[in-house]
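A short reminder: the numbers here are calculations on the coordinates, not readings from a lab. Values in this document were obtained by computation on a predicted structure and should not be read as measured data. Cβ sites come from the backbone with ideal geometry, for glycine too, and all protein chains shown count toward neighbours.
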Amino acid sequence: MAVTISIGSGKGGAGKTMILCNLALLLAKKGKKVCLVDLDIGGADVHLLFGLFNPKHSLADFLTRKVTSIQDVIHTFYSLNGLQLIPGSGSTLQTANMSFQEKQRLLRSLKTLDVDVVLIDVGAGTSYHSLDFFMFGDIQLCVTLPEPTAIMDFYSFLQLSTIRKVLGSFLSSSEVSTTLKKRSFASLHEVLELAEATQTGARSRAQQALRYFHPLLIINRDIYNGQVNKTKLKQMVAKYLGIEIPPLGNIPEDKAIGDALKAYIPVCELSPDAPASVAMSQMADKLEKIISLFEPTVETSSPKQTKPS
Ligand SMILES: Nc1ncnc2c1ncn2[C@@H]1O[C@H](COP(=O)(O)OP(=O)(O)OP(=O)(O)O)[C@@H](O)[C@H]1O
Ligand SMILES: [Mg+2]
């Protein structure tokens, strides 16, 4: 089964699509069979980064059952190491109001793709769709710009992702879930308090659900040269959200990215020596190692859930 990697951010324009397209291509160049999936409902633009202006099929064809299999909407870039793409759809009533069942059908279908890695681009922010698609990844990448306002949005995004993860850990029919669903929460602490008050042991169950939630931190357009107070951010997230965010890397502000956008080619292909390409190449090396932790081992043939270091 493919390892899924999702990417999310608090603010729009943090660089998710640019980063994911480049990581997808870099992993494909390493010999992985890779499929990029554009689940930015309403803001789908991954195909444009590759100069694919009129994809024959898109996700909408699958969602509206014009095609029966998700395989039918795949576009393959043969000149880019066989990288595959499932182009996203515009925002139609059908896609914007996707039901729970439709969302499950879509996510299940992604697990059937015959590839090693599925990379999922997710819309910015904290809509249910965005959070659910983000949480679906076996590995989550979270991106922020270094400015304080972006960091605030980033923190809110992580907080809501964490709450959604905890809510998802209780069976939808359980007493805890029924109680939690009636309320909206401003902090994870409130969720845990109410869960425990409803049922003894619910707090530790929720904390257990967060044990393997370690979104990997990417700081993009890092004009401060790594001077963002990452330690403080990590401490805050660990203290208030109870999760770790190991760093995947920093990407500098780089003019080559704009040039690549205009050429409709990922920057790591157009300018492999540009500082941003070098940074993303190092990130792809790290990611390759983390992906291998999820691959079946020879002895057990079952995926290993190991905390990335
Ligand atoms: N490190 C960088 N240096 C220079 N330009 C960058 C860098 N990162 C991203 N950009 C530019 O910033 C813009 C936004 O990037 P991108 O579309 O990837 O963000 P996004 O997070 O996917 O946005 P959205 O939330 O709207 O989907 C693009 O024009 C991109 O080329
Ligand atoms: Mg985007």
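Binned at 10 Å from 0, what are the whole-percent values of the Cα-Cα distance distribution for region 96-170, short to long?
That works out to 16, 47, 30, 8, 0, in percent per bin.
Around Ala206, what is the net charge, scoring Lys/Arg as +1 and Asp/Glu as -1 over all other residues with Cβ under 10 Å from its Cβ? Mind showing how you got there, number by number?
Details: positive: Lys165, Arg203, Arg205; negative: Glu196.
Net local charge, Ala206 excluded: +2.
Kindly express, to the nearest 10 degrees and within the range 0 to 90, the angle between helix 275-294's C-alpha long axis and the longest C-alpha principal axis of the chain.
Rounded to the nearest ten degrees, it is 50.
So what J values fall out for region 105-112 if you push phi through Karplus, 6.51 cos²θ - 1.76 cosθ + 1.60 with θ = phi - 60°, rounded to Hz, Gly and Pro as x?
Per residue, the Karplus-derived 3J(HN,Hα) values read 4, 5, 5, 4, 5, 5, 6, 8 Hz.
Summing Lys, Arg as +1 and Asp, Glu as -1, what charge do residues with Cβ under 10 Å from the Cβ of Met135 carry, Met135 excluded?
On the way: positive: Arg164, Lys165; negative: Asp132.
Here the count lands on +1.
Would you calculate a helix-derived [θ] at 222 nm for the chain, using -39,500 (n - 2.57) for each DSSP H run of n ≥ 4 and dividing by the full residue count, to the nearest 500? The partial results should precede the final answer.
On the way: 14 runs with 135 residues, N = 309.
For the chain, the value works out to -12500 deg cm²/dmol.
Using a cut-off of under 13 Å, list every residue of region 127-154 whose amide N is near the label point 7 Å from the Cα of Gln104 along the Cα-to-beta-carbon line.
none
Stokes-Einstein at 20 °C, 1.002 mPa s, Kirkwood radius from Cα pairs: D for region 165-268 in µm² s⁻¹?
Working: Rh = 16.6 Å.
The diffusion coefficient I find is 129 µm²/s.
Which order do the peptides 101-107, 51-57, 270-276, 245-251 come out in when sorted by mean C-beta neighbours inside 10 angstrom, highest first?
Sorting 101-107, 51-57, 270-276, 245-251 by mean packing, highest first, produces 245-251, 270-276, 101-107, 51-57.
Sequence-distant or interchain residues sharing an amide H contact under 5 Å with Thr4, placed H: which?
Sorted by chain and number, the residues that satisfy this are Val118, Asp138, Ile139.
Give the long-range amide H neighbours of Leu83: residues separated by 5 or more places, or on another chain, with amide H under 5 Å away, using H modelled in the peptide plane at 1.01 Å from N.
Phe77
Which ³J(HN,Hα) values, rounded to whole Hz and listed in residue order, are derived for region 121-129 from phi using the Karplus coefficients 6.51, -1.76 and 1.60 in 6.51 cos²θ - 1.76 cosθ + 1.60 with θ = phi - 60°, glycine and proline given as x?
Per-residue couplings from phi come out as 8, 10, x, 5, x, 10, 5, 4, 4 Hz.
Of Phe170, Phe136, how do they rank once you tally other Cβ atoms within 10 Å and put the fewest first? All intermediate terms of the calculation are to be shown ahead of the outcome.
On the way: Phe170 22, Phe136 19.
By the 10 Å Cβ count, ascending, the order reads Phe136, Phe170.
Nearest 5 is fine: what % of DSSP beta bridges in region 3-288 come out antiparallel, could you say? Mind dumping the intermediate values first?
Numbers: 3 of 30 bridges.
Antiparallel: roughly 10 percent of the beta bridges in region 3-288.
Could you order the peptides 190-198, 230-238 from most to least packed, using the average number of other C-beta atoms within 10 Å per residue? Please report the intermediate quantities before stating the final value.
Values: 190-198: 16.9, 230-238: 13.9.
Top to bottom by mean Cβ count within 10 Å: 190-198, 230-238.
Between Glu193 and His57, with labels modelled 7 Å along Cα→Cβ, what's the label distance in nm to one decimal, could you check?
With each label point 7 Å from Cα toward Cβ, the separation is 5.1 nm.
Using a Debye calculation, one point per C-alpha and no hydration shell, please list log10 I(q)/I(0) for the chain at q = 0.07, 0.10, 0.12 Å⁻¹ in order.
Cα-only, vacuum Debye calculation for the chain: -0.27, -0.56, -0.81.
By how many nm would the segment from Thr149 to Asp45 grow when fully extended, if each residue of separation counts as 0.36 nm and the alpha-carbon distance is taken off? Can you show the working numbers first?
On the way: separation 104, 0.36 × 104 = 37.44 nm, distance 2.49 nm.
Extra length available between Thr149 and Asp45 comes to 34.9 nm.
Express the C-alpha Rg of region 134-182 as a ratio against the empirical globular expectation 2.2 N^0.38 Å, rounded to two decimals.
Against the empirical 2.2 N^0.38 Å value, I get 1.44 for region 134-182.
Taking neighbour counts of Cβ atoms within 10 Å as a proxy for exposure, in what order, fewest first, do Val278, Val143, Val3 appear?
Numbers: Val278 16, Val143 28, Val3 21.
If I rank by nearby Cβ atoms, fewest first, I get Val278, Val3, Val143.
Identify the residues of region 189-215 with backbone N under 20 Å of a label point that sits 7 angstrom from the Cα of Arg183 along the Cα-to-Cβ direction, or state none.
Only 189-210 pass the distance filter.
Order by neighbour count: Arg203, Arg183, fewest other Cβ atoms within 10 Å first, most last.
Numbers: Arg203 17, Arg183 9.
By the 10 Å Cβ count, ascending: Arg183, Arg203.
How high is the relative contact order of the chain, in percent, with contacts defined as C-alpha pairs under 8 Å that are six or more residues apart?
Numbers: 545 pairs, mean separation 66.1, N = 309.
Relative contact order for the chain comes out at 21 percent.
Sort 68-74, 25-31 by packing, meaning the average of other beta carbons within 10 Å per residue, with the highest value first.
Details: 68-74: 15.3, 25-31: 19.9.
Those peptides, ordered most packed to least, come out 25-31, 68-74.
Using the beta-carbon distance between Ser79 and Leu261 and R0 = 22 Å, what value does 1/(1 + (r/R0)^6) give for FRET efficiency, to the nearest 0.05?
On the way: r = 19 Å, r/R0 = 0.84.
Step by step, r from the Cβ atoms, then E = 0.75.
Where nothing but the Cβ of Lys and Arg (+1) and of Asp and Glu (-1) is charged, how large is the charge dipole of the chain around its Cα centre, in debye to the nearest 20?
Details: 32 positive and 28 negative charges, 129 e Å.
Once rounded to the nearest 20, the dipole reads 620 debye.
Compute the FRET efficiency between Arg205 and Val67 as 1/(1 + (r/R0)^6), taking r as their Cβ-Cβ distance and R0 = 35 Å, and round to the nearest 0.05. Don't jump to the answer; show the numbers that get you there.
Details: r = 40 Å, r/R0 = 1.14.
Computed FRET efficiency for Arg205 and Val67: 0.30.
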